[in-house]
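Here the structure comes first, spelled out in structure tokens, and everything after it is commentary.
The values are calculated or read from the model by the stated rules, or taken from the named source; none is laboratory data. Computed from a predicted structure; not experimentally measured. Glycine also receives a Cβ, built like all others from the backbone with ideal geometry; neighbour counts cover every protein chain displayed. Accessible surface is based on the protein model in full, side chains and every heavy atom, while ligands, DNA and RNA are left aside. Shrake-Rupley method; radii C 1.70, N 1.55, O 1.52, S 1.80 Å.
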Amino acid sequence: MRRAVLLQDPCAAPSERGAITAVSQAVSDAVAQRGRTETAMSKDASDDPARRPASAQDLEKEAQAIEDRPPSAAERDAQRGDPFAIASAWLAEATASEINDPNAMSLATVDADGAPNARMVLLKEIEPQPADGGRGAFVFYTNFESAKGQELAAAPRAAIVLHWKSLRRQLRARGAVTRVADAQADAYYATRPYRSRVGAWASAQSKPLASRMALAAEVAKVAARHPFSPPRPSHWGGFRIIPSEIEFWSDGAFRLHDRFQWRWEPAPGAAREDEAAPGAWRVARLSP
């Protein structure tokens, strides 16, 4: 019987590989022991397949599948030094494979009572990591007077998740939040379709609405005032999430997923919230 071998972790130091080999041998020993006791156990097993104990052959196949599995995207990219470049590459892959909205992400904030709020928004930009240090950012746009806008103003921290079913991957991040500069918001707003720009004026986002007809009437009023190119309203703009943690997740067989966490460690004396402060990313593999 072929000995089961655990994958060698690319983040593991040489001193850890002996321990990995020892664990691999322990798995093989467990498979052999299971084979010796399988007959006795099967006498008491139910006819229900879900309750039937796995055979030695089943365990060997599972161990072999783990051994033969090619590196996942998260495992492959763990060696790269820039998590924002990884995020951009994953988003580009998702754009080619997802049915729609590959940039859709769950955004979590907290209200005045500390209760969490989550909703789907669209990631509009991944700002690259500056070459001279500091961190990049994840950018989205919204109404500042909406529930999320007010919550971020009061507690400027957020968490996001992007999940791509077609790739069987996800990205999680959390960190401090700042507003996008007016010039940057103006430039993005100008690229939006005309009706979307009108909608930014017409909708009092998150406020009670009397009827759909009332919203349509407000849209008509705004369109009459701005028939060609509505300017960006002052209550609408962008937020930048400057992550202190980013996690890249890839689906694995038997729920043995690959998870790699990138955690920002600021230089001594620097604040974690200061996006321009020097520091470095520390990468760790997490248990699935």
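For this structure, a couple of remarks:
- If only residues of the stretch 66-106 that are of a type in the set (D, E) and under 16 Å from E247 (Cβ atoms) are counted, the one that is most open to solvent (accessible area, probe 1.4 Å) is D82.
- Answer from G269, G252 - the residue that is modelled with pLDDT under 90, small (G, A, S) and open to solvent by 50 Å² or more (accessible area, probe 1.4 Å): G269
- Summed over the stretch 107-122, residues that are open to solvent by less than 10 Å² (accessible area, probe 1.4 Å) and without any contact (Cβ under 8 Å) to a residue 40 or more places away in the chain total 0.
- The stretch 127-169 - residue that is crowded, with 20+ Cβ neighbours inside 10 Å and under 14 Å from the mean Cα position of the chain (by Cα) and, of those, nearest to D82 (Cα to Cα): A137
- Test: residue in the stretch 255-274 that is touching a strand residue (DSSP E or B) at 6+ places or on another chain (Cβ under 9 Å), over 26 Å from L122 (Cα atoms), free of Cβ contacts under 8 Å to residues at least 40 places away in the same chain and not in a loop (DSSP other than H, G, I, E, B): yes
- Among the residues listed as V198, V283, V180, the single one being surrounded by 15 or more Cβ atoms within 10 Å (Cβ to Cβ), in contact with a helix residue (DSSP H, G or I) (Cβ under 6 Å, 6 or more places away or on another chain) and aliphatic (A, V, I, L, M): V198
- Residue check for A223: touching a residue at least 40 places away in the same chain (Cβ under 8 Å) and on the phi < 0 side of the Ramachandran plot: no
- Hey, W236 farther than 24 Å from M120 by Cα and surrounded by 14 or more Cβ atoms within 10 Å (Cβ to Cβ) or not: no
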